[in-house]
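Working notes, structure below.
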Amino acid sequence: MRAIVLLCLLHAAFAMQNPWNGPESTTVQPRSSINSDCLQDQASCGCCLMQKQIKRTENYFHLALEKMNEELTTSKMALNNMRASRSAFSVGLTDSTIFRCYGPLSEDHAIAYKHVFLNLGDNYNTETGIFTVTRSGVYSFAFTIFASLPFGINAATCASLMVNGEPVAKLFENKGQDSEDSSSVVLAIRLNAGDNVTVNLLKGCVVCDSSSHYNTFTGFLLYATD
């Protein structure tokens with residue numbers, strides 16, 4: 001490369017000593033004549049070849065940079081789409097150190113789980129107990145109910161997973177050999193944006209809990225379908 005640059009400088013110096021006085025003829029030289037001139041003036045040919053190679057390199061890097069920018073834009077869009085679709089929550093009935101029971105009620109009612117382990121996307125409402133679906137897809141849900149009642153109290157622990165007010169899965173556990181009753185369910189279900197999901201405490205049933213978190217409700221998006 002240094003040799004070629006030196007040749008270019010020598011050629012420029014030679015041109016200054018022998019300035020160009022304009023074209024002597026408008027006749028196009030044949031290819032054989034051009035090749036012959038190139039052989040006689042190798043410095044000029046070397047500069048020309050170097051300029052062509054530099055131009056090719058510039059074009060290559062320009063195309064490569066455009067391709068990298070396209071890939072970066074695509075990756076950013078995919079990342080933003082992934083972040084927008086994140087939806088997951090996990091909640092417990094209470095965080096109280098005092099063991100308490102809720103119910104029985106005279107009618108079915110949504111359980112408002114107050115202790116939040118995770119609420120990614122802020123789609124679970126601790127005041128209403130409603131999880132609102134913001135993106136259509138397949139979701140996984142799990143909930144566990146628990147009650148511990150003294151003997152002589154005639155009550156069971158039971159609840160139902162509801163979607164838009166319709167039961168999807170029910171849990172029912174009546175007192176057996178001891179005073180503690182519990183039940184759990186895990187399922188996957190396809191939902192649409194705007195659907196509401198709750199766990200309802202059923203009429204006449206009881207749940208009991210403390211900071212031990214015996215009653216939990218969890219859900220998350222497995223994959224989007226929109």
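The values are calculated or read from the model by the stated rules, or taken from the named source; none is laboratory data. Being a predicted model, the structure only gives us computed values, none of them experimental. Counting neighbours? That spans all protein chains shown, and the Cβs are built from the backbone with ideal geometry, glycine included. For accessibility, only protein heavy atoms count, side chains too; no ligands or nucleic acids. Shrake-Rupley method; radii C 1.70, N 1.55, O 1.52, S 1.80 Å.
In table form, for the structure just shown:
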read-out	value
Answer from Y113, Y60 - the residue that is outside any helix (DSSP H, G or I) and surrounded by 10 or more Cβ atoms within 10 Å (Cβ to Cβ)	Y113
Residue match in segment 97-110 (condition: open to solvent by less than 50 Å² (accessible area, probe 1.4 Å) and modelled with pLDDT of 95 or more)	yes
Residue in segment 167-201 that is surrounded by the fewest Cβ atoms within 10 Å (Cβ to Cβ), counting only those that are farther than 17 Å from A142 by Cα and over 27 Å from the mean Cα position of the chain (by Cα)	Q177
In segment 157-183, residue farthest from D122 (Cα to Cα) [restricted to those that are modelled with pLDDT under 95 and hydroxyl-bearing (S, T, Y)]	S179
Lone unmet requirement of (1) open to solvent by less than 80 Å² (accessible area, probe 1.4 Å); (2) under 14 Å from G219 (Cβ atoms); (3) touching a Ser or Thr at 6+ places or on another chain (Cβ under 8 Å) for T132	(3)
The listed residue being of a type in the set (S, T, N, Q) and modelled with pLDDT under 85, out of N35, N69, N123, N119	N35
Which listed residue, of V199, V185, is among the β-branched types (V, I, T) and without any contact (Cβ under 8 Å) to a residue 60 or more places away in the chain	V185
